[in-house]
Amino acid sequence: MDRGEHAMTIVIAQLKHETNTFSPVPTPLSRFTRVGETPPCGEAAIREYRNTGSAIAAMIDLVEEAGMAYQIAVAGNAAPSGPVQTEAYEWMVSRICTTVEAGCDAILLDLHGAMVTERHDDGEAELLRRLRQIAPGVPIAVALDMHCNLSNTMVQAADVLAGYQTYPHVDVYETGARAAKPIVDWLKAKRHVDASYQTSGNRLAFKSWGQVPMIPHVMRQSSLDAPNREIQARCRAIEAEGALAASVFVGFPHADIPNAGMSALVIDPHDQSRADRWRDELLAMCWQAREAFVYPIEPLDASIARAKAFAASASMGKPVVLLDHYDNCASGGTMDTTAVLAAMIRADLQQAAAFAIFDPQSVQSLMALGIGAETTLALGGKHPLAALKLQGEPLTLTGRIKTLTDGQYRFRGPMARGERASMGPSAVLQVGGIEVAIISRHVEPFDINTLTALGIDPHSKQYLMLKSRVHWRAGLGDLAGAVVECAGVGVCTSDYNALRFQNLRRPIYPLDADTRFEPGQVIQGG
């Protein structure tokens, strides 16, 4: 498991989950791996992630280039869902802690930053707290998702933290390098001088962080658009001016925990006051843009009518993309609500495809019938949506089985480039003019191979329905002639009034319109 010939040893680990506390989708250990029942460790993890676009791959590359030995304690990455089961969390955390207990010179972590477990509101903070107890003097670097709900415990326990600066997340590898490089560089210098590292006193860097009292709507968080485009550009500029890392975390709003929301973090190699000044600048930018982060909702029937008007345009030539953004599995959605699909059928849309409905039971029924068979089934609606006080509503459909597959493929990129993916056993059912994809594992459609693996050619469609919010733009954005955001049904709802927040800190914007944040004010909760 060890690599390299030098005495220094690095522990690398991945533990990633974005937790939607309103989601009914369970999160057992098997969700943290695409192959088998447990996440890969050691050499298996290296084989799984080497030469991919992941943060853990960047960490592997940096350590190998430095000629240092390393171990992969575990590589667990789960699609967003409900709180992580205690058994799953402890299985992975115990492997990380045990590996660190054996001794190491640094710890490099590929985390998400918005993990909630059955026992811990802040799964990352609990991991880092345990690691600091085991190895109080060992430097720790952490790569984080832009949707991290940052906490004081996380910041204080780690030495270098860096977040993605793009959404869709196409800079994951680069973020792994931004987080790990200062630690690796410091260790390389340490090999040549008698340097001792302590978490207090001889600091590796100065950290400055704070929160603003706001939970931006996810549909307004893309770094391809204002206002986050300009905020993330400023983060990159601050790094060019000398910061080791500058990150603005938009936060994950579907987590009913105290520290959910937007935050900024600056890591400066030399100067605390400069880090503080940059932090305050970033927080002020966030607060000044608060109204632009609010998402206005359009009724579903109006959205479908608008999509038909776009498709009627003679100049289109590309499909109209319909976003079922209330039911995005990459934000913890069940991916089995059918409101948008039902509206497409009522509107008699032709040359259309829909990705996807999560319904393993229906897939098995279709597998038993075989390609070409005609059938009627009750699709989706298997999950009750208790947080919305709704029951699942299956949609009865009649169609012809067009495709059956094992659902295995690799992401083409740019997002998650080269990583293995699995929809599980999957089918395509032709229902009138709509190809309906039905899958057995949650996968967000942000990569063209997700569609082509099912035999769906998006370029030939007039309409393409995707259960996605922003990530689809990474691999499919160029093919859209127009985009229509559809308010369906799901626990990723953009209507915050439909959710009952009990633990979120208050007041917070936009739930509380009179929320105040003064220039220079810094909130540091968690």
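The modelled label-to-label distance between THR396 and ARG346, using points 7 Å beyond Cα along the C-beta direction, is 1.7 nm.
Our helix-only sum for the chain, with -39,500 (n - 2.57) per DSSP H run of n ≥ 4 divided by its residues, gives a mean residue ellipticity at 222 nm of -8000 deg cm²/dmol.
Applying 1/(1 + (r/R0)^6) with r as the Cβ-Cβ distance of ASN449 and ARG129 and R0 = 35 angstrom yields a FRET efficiency of 0.35. Using a simple spin-label model with pseudo-atoms 7 Å out from Cα toward Cβ, VAL483 and GLU43 lie 4.5 nm apart. Taking the longest Cα principal axis of the chain as reference, the axis of helix 228-240 is set at about 30 degrees.
Given R₀ = 35 Å, what would the calculated FRET efficiency be for ALA302 paired with ALA373, taking r from the Cβ atoms and rounding to 0.05? Computed FRET efficiency for ALA302 and ALA373: 0.45.
Taking the radius of gyration and the Kirkwood hydrodynamic radius from Cα positions alone, what is the Rg/Rh ratio for the chain, to two decimal places?
Details: Rg = 23.1 Å, Rh = 23.6 Å.
On the Cα set of the chain, Rg over Rh gives 0.98.
By accessible area, using a 1.4 Å probe on protein heavy atoms only, the chain has 49% of its surface on carbon and sulfur. In the context of the full set of protein chains, the stretch 378-418 has a per residue accessible area of 56 Å² (1.4 Å probe). The separation of the stretch 65-143 from the stretch 228-275, counted between C-alpha centres, amounts to 22 Å. Placing pseudo-labels 7 Å out from each Cα toward the beta carbon at ALA226 and ALA102 gives an inter-label distance of 5.4 nm.
Counted over all Cα-Cα pairs of the stretch 200-305, pairs farther apart than 19 Å make up 49 percent. In percent, rounded to a whole number, the relative contact order of the chain is 17, using alpha-carbon pairs under 8 Å and six or more apart. Taken over the chain, lysine pairs spaced eight or more positions apart, or on distinct chains, with alpha carbons under 21 Å apart number 11.
Take every DSSP beta bridge whose two residues both sit in the chain, then give the antiparallel share in percent to the nearest 5. Don't jump to the answer; show the numbers that get you there.
Working: 32 of 75 bridges.
So the antiparallel bridges amount to about 45 percent of the total.
Computed from Cα positions, the angle between helix 272-288 and the longest principal axis of the chain comes to roughly 20 degrees. Compared with the alpha-carbon gap, the fully stretched path from SER30 to SER313 is longer by 97.2 nm at 0.36 nm per residue.
The values are calculated or read from the model by the stated rules, or taken from the named source; none is laboratory data. What you see is a predicted model; the values in this text were computed from it and never measured. Note: ideal-geometry Cβ built from the backbone for every residue, glycine included; neighbour counts use all protein chains shown. Note: accessible area is taken over every heavy atom of the protein model, side chains too, but ligands, DNA and RNA are not part of it. Shrake-Rupley method; radii C 1.70, N 1.55, O 1.52, S 1.80 Å.
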